[in-house]
Amino acid sequence: MEIKEKLGHAQKLHDSNSEKNVEIRDKLAYMVKSDFDLAVKHRNIHKFGPGTASEILQQCHDQYYGELPCKIKEAFGDMPAVNLTQLKVSALNAWIRDLLFGSGGTPFTVEPTPIPELNDEMEEEILGRVKEVLFGPHEELLPKSNDELRKLVKDEKDHVRKMTKAAADKACKLMEEVMWDQCIDGGYKKAFLQFLQDFCIYPYAVLEGPVPEIRTQNVWSGNTLKDKDEVVYAINRISPFDFFWSPDSTNAQDGSFVIIRKRYSRKQLVKMAKLKSYIQSNVVDALEHFADRSTNMNWLSDNPEQQNAIPWDGKASLEVLKYYGSVKGEVLKEYGMTGLDDGEYYDCIIHTLGYFTLKVVINPNPNAHVRPVFVTSYEKTGNGIMGIGIAQKIRDVERAFHSCLRGMIKNMEYSSGPIGEVDFSRIQQWISDDDVGDVEPYTINPVDPDPVGGGRPAYVFHSFPNNTAALSNVCQWFMSLADIVTQIPASIHGQPVGTGANRTFRGMSMLYGNALKGVQSGITNIDDDVVGPFATSLYMLNLKYNPDKEIKGDAKVIARGASGLMEKELKKNDMLEAAQIVASLAQTGRVNPESIDKAVDRVLVALDLVDSDMDRALQSITGGEEQVAQVDPMAMMQQAQQQPQPGSPEQMAQAQMMAQ
């Protein structure tokens, strides 16, 4: 890419003395920057309990990384500290990871609707099957009354629905495999594990995706390994410090806008300039503007996780705003977009760097009102984006614990040895000034006599009372209080507790189940607010843009993250227990073989050891049962040479109405 000889737009912007004099910046960049300033102001003044949203974010960050409040440091100085927040967060994070990824399944499931809807083609198929019966050679199958005709149509509908259900099951299973493969390519697991860390620490956690991005992948071409740029549905963890929302937002979807602060290197920005979806001239102008050594690269508010306080040297990343919100059609037309109504508002995705719009597109999601940004909290309050995390729940307990712990350390220091005083006038001729205060064992120090003749010793020692045992009990009580406040028992992070209910396996299971209820509430928030909407968005994108027709069918996505996995595991256990009961009853002869076969089939399906496909469904329809009442008439028709015979026109009319 050639660098322009004249700065042009970037030079004029740099020469402007104030923001009021800048009239050349485009409308979208100005709108995004104004909304960003509004969101920053809202986060800095919005009170949430004892502090603002920004203050609570900073407190949670400092707690997790071991920064103690200034008052405790001033009172006790720099001492060793036990980080209760990090202890509980690590335990909760490991617990949720085990629940989500321990079973090895996907964090979502795709299932067909319980009763697939019959479209026009299926109705025509039903009517055709009825016609073959009415005009077929087997007179014994012809309906003799309207009731028999209704039964015939109903049976054919049931057969078609079974085949449709089997096809939908197969399509859903293929769709689930395709979606999980796309999640792997898009970095789902890495992003989600980082998201879980934020989920446990901060008042909210943010996940972005699926968003189409070009990423460099290693592919095998011929006899060599090469780098290739491929479009993937990317999933990104968003730092809570880099997420901003409009004052009217209660989640990431219903507000006027949400903004994500991203960072791109010069290499990434140059690559953007080569893509058709970006405005090449604006990307080049932005690079030239920030290449000026007098330009401040930190044109946005600070993030303690990303500190860049030096002028841009081309090596550090530049901050880019990614805006999700509505824009009027007449404004979008100025950026080359066509086919829009001037008065309509369209949900767009806008990238800006400084006062330059790098990219603007309409939301590609089939449901344009769903933004690929999802936010949730460990405990939701119903008061907007902000929720409650572990760091907030344990903050007061940890402050009290640290005060007690440091008091105990100070007490141990004072009581570890005697504290003495000396009459310096009686020892100054026998000891140097540097040796005053040094007490050595097995030594005799000469001293002058008591000048008042009272016989008072020159050295006097005092013992400081030791309260370590009492303070240790108080520290232990605060640690137990932390277990109660966070609802994360000490046994979860490996502490042996061998009294009471924990002494038996049944008692341990009961306590574990009760503790799981609190965590299950947080996992439900992940399912409802993040995993479910994310899986639905990815499903809709595949329905619209994926050319593979085998993964599409008459089905709807039912994304159930952790709860779905646990439900599947419980279903497997229930099926195994039911199979054991049926097997034990079969030995008594009280259960017929058909029931045993059906129980075994259901267990195998629950364990994912067999696939439900159309062949199995067709086999169960045509030849799976020996009873005449359940035999498909079409199966008999397919075995004989068809010799059409005229049927009653009235029966045909009634059959057509029933099929519809």
task = List the equivalent ellipsoid semi-axes of the range 236-296 in whole Å, largest first, each obtained as the square root of 5λ for an eigenvalue λ of the Cα gyration tensor.
result = 28, 15, 12
query = Over the Cα atoms of the range 146-292, what is the Rg over Rh ratio if Rh follows Kirkwood?
reply = 1.19
ask   = Under 5 Å between amide H atoms, partner at least 5 residues away or on a different chain: which partners does V258 have, H built in plane at 1.01 Å?
value = Y324
ask   = Hey, what's the Cα Rg ratio for the range 189-269 versus the globular rule of thumb, 2.2 N^0.38 Å?
value = 1.41
request  = For V32, V422, write out the residues from largest to smallest accessible area, computed with a 1.4 angstrom probe and no ligands counted.
outcome  = V422, V32
ask   = What figure in square angstrom, to the nearest 10, would you give for the accessible area of M337 with a 1.4 Å probe?
value = 40
query = How much accessible area does T338 have with a 1.4 Å probe, in Å² rounded to the nearest 10?
reply = 120
query = Considering lysine pairs in the range 165-247 that are 8 or more places apart or on different chains, how many have Cα atoms under 30 Å apart?
reply = 10
key: Cα pair distances of the range 393-478 binned at 5 Å [whole percent]   = 3, 12, 16, 14, 11, 9, 9, 8, 8, 5, 3, 1, 0
ask   = Scaled to the compact-protein estimate 2.2 N^0.38 Å, what is the alpha-carbon radius of gyration of the range 320-465, rounded to two decimal places?
value = 2.59
ask   = So what J values fall out for the range 471-485 if you push phi through Karplus, 6.51 cos²θ - 1.76 cosθ + 1.60 with θ = phi - 60°, rounded to Hz, Gly and Pro as x?
value = 5, 5, 5, 5, 4, 5, 5, 5, 5, 5, 5, 5, 4, 6, 5
task = Report in % the part of the accessible area of the range 200-299 that belongs to carbon and sulfur, leaving out ligands and nucleic acids; probe 1.4 Å.
result = 48
ask   = If each Cα of the range 316-362 is one equal point scatterer, what is log10 of I(q)/I(0) from the Debye formula at q = 0.13, 0.15, 0.32 Å⁻¹?
value = -0.31, -0.40, -1.21
query = Got a number for the accessible area of W430? Probe 1.4 Å, square angstrom, nearest 10.
reply = 130
inquiry  = As a test of understanding, state the convex hull volume per residue of the range 366-431 from its alpha carbons, in Å³.
reply    = 202
message = Could you give each residue of the range 233-243 its phi-based ³J(HN,Hα) in whole Hz, using Karplus coefficients 6.51, -1.76, 1.60 with θ = phi - 60°, and x for Gly or Pro?
response = 8, 7, 10, 10, 7, 10, 4, x, 6, 9, 10
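The values are calculated or read from the model by the stated rules, or taken from the named source; none is laboratory data. Because the structure is predicted, anything quoted here is derived from the model rather than measured. Keep in mind that these areas ignore ligands, DNA and RNA; they rest on the heavy atoms of the full protein, side chains included. Shrake-Rupley method; radii C 1.70, N 1.55, O 1.52, S 1.80 Å.
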